[in-house]
Structures are given as structure tokens and as C-alpha cells.
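Taking it in order: structure first as C-alpha cells, then the write-up.
The values are calculated or read from the model by the stated rules, or taken from the named source; none is laboratory data. Just so it is clear, the structure is predicted and the values come from calculations on it, not from any experiment. No Cβ is skipped: glycine too gets one built from the backbone with ideal geometry, and neighbour counts run over all protein chains shown.
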Amino acid sequence: MSEQAPLLSVRELSKSYGARRGCADVSFDLWPGEVIGIVGESGSGKSTLLACMAGYLAPDAGAVVFDTRAEGPRDVLSMSEPERRMLARTDWAFVHQNPRDGLRMGVSAGANVGERLMAVGARHYGQIRAQAEDWLERVEIAAERIDERPRQFSGGMQQRLQIARNLVTGPRLVFMDEPTGGLDVSVQARLLDLMRGLVRQMGLSAVIVTHDLAVVRLLADRLMVMKDGLVVEEGLTDQVLDDPQHAYTQLLVSSVLQV
Amino acid sequence: MNDYNFAYLDEGTKRMIRRAILKAVAVPGYQVPFASREMPMPYGWGTGGVQVTAACLRPDDRLKVIDQGADDTTNAVSIRKFFQRTARVATTERTGDATIIQTRHRIPEAPLSEGQILVYQVPIPEPLRFLEPRETETRRMHALQEYGLMHLKLYEDIARHGEIATSYAYPVQVSGRYVMDPSPIPKFDNPKLSNCPALQLFGAGREQRIYAVPPYTQVISLDFEDHPFVATKAPHACDLCGDDGSYLDEVITDDAGRRMFICSDTDHCNSRRAAGHVGALTGDAA
């Protein structure tokens, strides 16, 4: 299978907060089916970068070109708002660090999963519900809990529900912001296992922002290391983690606690 | 009572409200902001409806005011008196005779005709309010016609109750574009919104919004393909006039569990009784 165009192509993306640099001159290509990890310490600009790509923040300069289904590569930043929002609920997905940011806490799990379907025009209750049940099972939530509210779920389940809700429309690109943050290690392991399965099975491309090197070791094909808003090193995950070249990457890798 | 301008509001205010009404008529279902005034009654008593009525009234108009269908309840009586005193317009209880009808929570049973104006009192004009609390976001959703969220509420109803349990303020889509809150009318009345010969104006005083459904405009109640919209009412006939097709109020008559069902539209019930119709309890309750 030969792919001609990258799915997502980021060119010289910059965003500053007044005189302070958020991120600067970030460029990379993401190919279909590929998972790229962005690591760095707090304040290194990785979340700013993600928000700029996903359209939550307006960058100062640069381009984010996405290979749309209908019209081929298009600069997301110059799209009209309806187009961008349509993209955000069909081909894109965004998994927040805190499930409360990504879920509707006031409505049932089934409605949370069904929301994106209804947003793109599904108007058949039985079909929406069947798809919601199917997706709950795929993220290992018992189907009989479909009418419970996310509040009644544990943190790990909430995070899995958020993933189900995002993947139900079959997106091609998933942005994840610290998807395992705030979960204990055994729950993290299950979640990572699940995500790895789904990514491989659905052929998803993903951009994962995290400070947890173990997460990218498991999920990411390629890695970008950021510091002070700049990309200081990038390469294949194993290569960067096992043979770090930049002083900061070496520091990052050696800072991981060994059990 | 010469201390007030005709219909209480000053001419500049009425002109401002009329401009908002014209815009609302031009964009059916769109909530037009207007500079709602303090009225000599509390919010929730129909300050929005009163301002719209005041802006529409002419000296030769005949006004009818109903509250939950009834002409004789506090809200209806006080608003009717208000305009009798400040505008000296004629009033009526007959739906067919009125040129302007201000209503709270009902549409009259008698069919409306061209030239009539129906003014609704609206507590919360934003149908998406309880689903998305941010006003900036709901406005954007209206602008982009993103109404998936509205169905989320209906989905929750079916998931919890097995059917769409929303029984009043049932969301509608006007002229294929804006989703609108029809004010807390029972969903029994929803079909009457559509293709109505009269002009329908909605005023929300506290929320400072006016919206409209022009005559002969298509209004569709939202639903699912496998759970279609159904207009419901109590499965009884009126105990006073015997009508089994009108919307009913349930009235508890003693502390031994006895109750009766009567038309919520008093004008409809009275005219049927005057025409000789009788119900199951005619005579022994009244």
C-alpha cells in the first residue's frame, strides 16, 4: 500500500503569548496509520502545539494541512468555521486529559457516544443505541451501563468512554492530550493496551502529547522532543529513547524512575 | 388615566420593539435581541409578551389575554386590565373576535385567522440552554445550524422513559432552519404552530429576546425516525362540554380522590356549552 500524501502536514507553526514563546517553527508530517508522540516537560509548548493543530487556539504563523476525504490536502487554518467544526466531529477526534472536559457529564453514557452520530445527522434511535452499545463493549464497558451517567463511572472508565465517544464516527486522526494522566498504573496499562489495539485495528493516525515516556514507548512510532517551545530532537521512538542525542533528551530519558 | 402614553410604553420604545419584531418576522425562529424595559410587573408575569403586545396595539384593536388557556386567571385578568387602563382598547374573551391575543402556555382551540396576532410569553427563549450553558456557544450553534445536541435530549428521554417524555416546550424547527423553543405550550399544541394563518410573536422580557413565526410557515417538531412526534393529551373528554379533542386540565374536586377533566381553553368550553353540548359532570360540579 503506497500513500502519496501525508495525512497531516504541519509547517512552521508558531504561537506566542505576548512576548512569551508558546511554540515556534514546528514542522512535521504525519502519515496515514502513524502515531507520533510529542514529549517534553511542563511548559515546553506541547499542549500549545496540540491546541493550535486541533483548532482550539489560533496560531500566529504557519500552516496545518490535512488530507480531507472530499477535497484532498487543505489548510485547516484557512477553512471556514463550519468546515472546521464539521471536520472536528467527523474525521478528527480529541481526547482530553481530564475526561470531564471531553464528556457531557449530565447525560448518559449512551448519549455521550451517540452525540457525534446525531451531530452528523443520525436520526434513528435504535441504530444510534445499537452503535453506542457496540462501542461501549469495544472499550470494555458493560453494555448494561449504557444508561448510567459518566459520574457513576471510575476515572479509567470515563477515559475509555471518552475514547468511545470520539471514535464512533470513524475518525482518521486523533489528538490525545495526556490520555493516561491521573490514572493509576494498572488502569493506565489497560487503557494503553486498549488504545494500541484500536489504533492498529482502525488504522488511525494519532498525535499523542504526554510527559510519560512509557506511553510513547508503547504507542508511538515516531517521537518529537520539545523544550521551551522548540523541537530539539525527533526520530523513531526506539532511536530517540535508546540513543538520545540532545542533552535535554538525555536528561529526560535518564530522569525516568526505574522500579 | 392620561398620565401614560398609549399602551404604557413611550413611542421610542415601541418603535425599537417594532424594529425587533420586523427583523424576527424576516428571519423566522431567530432570536432577535431587544432592549427590554422594566415593566410594572415582575419577571415571569409576561413582561416580554406585554411589551410585544404594547408595540403591536392600535386603538381599534380588540385584545384577548389567556393564561394556560383561561381568560379568568390572575395573570390574564391583570394584563387585560393593564391594557384596558393604559390603552383603553376593547377586550374580548372570544378567540374569533380578537385581533391580538396574548397567551401564556397555550394556543387557543379555535382556529386562528389571517390578520390576528398571537403573542406568546416566553420564560426561556433558548432551546439549547440546559444542554449548553454558554450563550456564546449556543449562538454559534444556531449560526452554524448545529442541532445534534437537541436530539441528545430526546435520546435521553427515550433511554430513560421509553418514549419522548418532553411534554411541553417541545423543540421545533422553523422553516427548515432555526430550532426554536415554542414557549411552554403543551406539545399537544405544537401542530397548530405550523402553517398557521395568524402571525405568531414570542417575547421574552427578562432574556431580552423576540422571535416570530410568520403566517403560513412550516414548523416541525423534532423527533426520531423510529420514535415519531406524538401530540398527547389526557385520554378523557371534557366533563363540562363533552369535547374529547381539546386539551384538558385535571381538577381535583375533593380529598376523596374525585377529579374532573375540563377544557383548559375556557372560551372553547363556554361556547360549546352555550351551544348545548354537555359533559359527564355538567350540572353537579358547577
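Just the residues that are touching a residue at least 24 places away in the same chain (Cβ under 8 Å) and either in contact with a His (Cβ under 6 Å, 6 or more places away or on another chain) or of a type outside the set (Asp, Glu) (or both), please, taken from region B:156-166.
B:Ile158, B:Ile164
If A:Gln127 satisfies every condition in (1) within 12 Å of chain B (Cβ to nearest Cβ); (2) surrounded by fewer than 18 Cβ atoms within 10 Å (Cβ to Cβ); (3) touching a strand residue (DSSP E or B) at 6+ places or on another chain (Cβ under 8 Å) but one, which is the exception?
The number of the failed condition is (3).
Could you check region A:106-124 and list, in sequence order, the residues that are under 21 Å from A:Met86 (Cβ atoms), in contact with a Leu (Cβ under 8 Å, 6 or more places away or on another chain), more than 7 Å from chain B (Cβ to nearest Cβ) and among the hydrophobic types (A, V, I, L, M, F, W, C)?
Hit for region A:106-124 is A:Val113, nothing else.
Condition check: in a helix (DSSP H, G or I), in contact with a Leu (Cβ under 9 Å, 6 or more places away or on another chain) and either more than 8 Å from chain B (Cβ to nearest Cβ) or more than 30 Å from B:Phe229 (Cα to Cα) (or both). Does A:Ala132 satisfy that?
When the stated conditions are applied, A:Ala132 passes them.
Out of B:Pro59, B:Pro42, which single residue is assigned to a loop (DSSP other than H, G, I, E, B) and touching a residue at least 24 places away in the same chain (Cβ under 8 Å)?
Values: B:Pro42 fails: touching a residue at least 24 places away in the same chain (Cβ under 8 Å).
None of the others qualify; the one that does is B:Pro59.
So which residues in region B:18-42 are of a type in the set (S, T, N, Q) and either over 19 Å from the mean Cα position of the chain (by Cα) or farther than 15 Å from B:Val179 by Cα (or both), if there are any at all?
B:Ser36 - this is the single residue of region B:18-42 that is of a type in the set (S, T, N, Q) and either over 19 Å from the mean Cα position of the chain (by Cα) or farther than 15 Å from B:Val179 by Cα (or both).
Assuming B:Phe188 fulfils every condition listed in (1) in a helix (DSSP H, G or I); (2) of a type outside the set (Lys, Arg); (3) over 22 Å from the mean Cα position of the chain (by Cα) apart from one, which condition is it?
Looking at each condition in turn, B:Phe188 falls short on (3).
Among the numbered conditions (1) more than 14 Å from chain B (Cβ to nearest Cβ); (2) farther than 19 Å from A:Ile208 by Cβ; (3) of a type in the set (A, V, I, L, M, F, W, C); (4) outside any loop (DSSP other than H, G, I, E, B), tell me where A:Leu87 comes up short.
So the condition that A:Leu87 fails would be (1).
Note down all Cβ pairs under 6 Å where the first residue falls in region A:84-101 and is over 19 Å from A:Gln158 (Cα atoms), the second is among the charged types (D, E, K, R) and assigned to a helix (DSSP H, G or I), and they're at least six residues apart or on different chains.
Qualifying pairs under 6 Å: A:Arg89/A:Arg116.
Being over 27 Å from A:Arg149 (Cβ atoms) and touching a helix residue (DSSP H, G or I) at 6+ places or on another chain (Cβ under 9 Å) is the requirement here; does B:Val174 meet it?
So B:Val174 passes the test.
Hey, any hits in region B:97-106 for a residue that's at pLDDT 95 or above and surrounded by fewer than 18 Cβ atoms within 10 Å (Cβ to Cβ)?
yes
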